[in-house]
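For reference, the structure is listed below as structure tokens.
Here, each number is a calculation from the coordinates, and none is a lab measurement. The shown structure was predicted, so the numbers you read here are calculated from the model rather than taken from an experiment. Every residue, glycine as well, gets a Cβ built from its backbone with ideal geometry; the counts of neighbours run over all protein chains shown.
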Amino acid sequence: MSYKNKFMNFGLLGAFTKYNGSLERSLTTYNQFEFNQNQNFCSGISL
């Protein structure tokens, strides 16, 4: 979704993903910020 006029741009976005299987990662330094379940939600704002 986005809004745009002469002075400003504004946008929102989101994504949801769900997998059939399960995902179990070890919490090492490399993987500590990755999702660790069978679903993931991500959102953002654009200014």
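Label-to-label distance for Thr28 and Lys6 is 5.7 nm, based on points extended 7 Å past Cα in the beta-carbon direction.
3J(HN,Hα) couplings calculated from phi for the stretch 7-21 with the Karplus curve 6.51 cos²θ - 1.76 cosθ + 1.60 (θ = phi - 60°) are, in sequence order, 10, 8, 10, 9, x, 10, 8, x, 8, 10, 10, 10, 9, 6, x Hz; Gly and Pro show x. Gain on full extension, evaluated as 0.36 nm per residue between Lys18 and Ser46 minus their Cα-Cα distance, stands at 7.6 nm.
Diagonalise the Cα gyration tensor of the chain and give the resulting equivalent ellipsoid semi-axes, square root of 5 times each eigenvalue, largest first, whole Å. Display every interim value, and only then the final one.
Working: eigenvalues 225, 38, 2 Å².
For the chain, the semi-axes come out at 34, 14, 3 Å.
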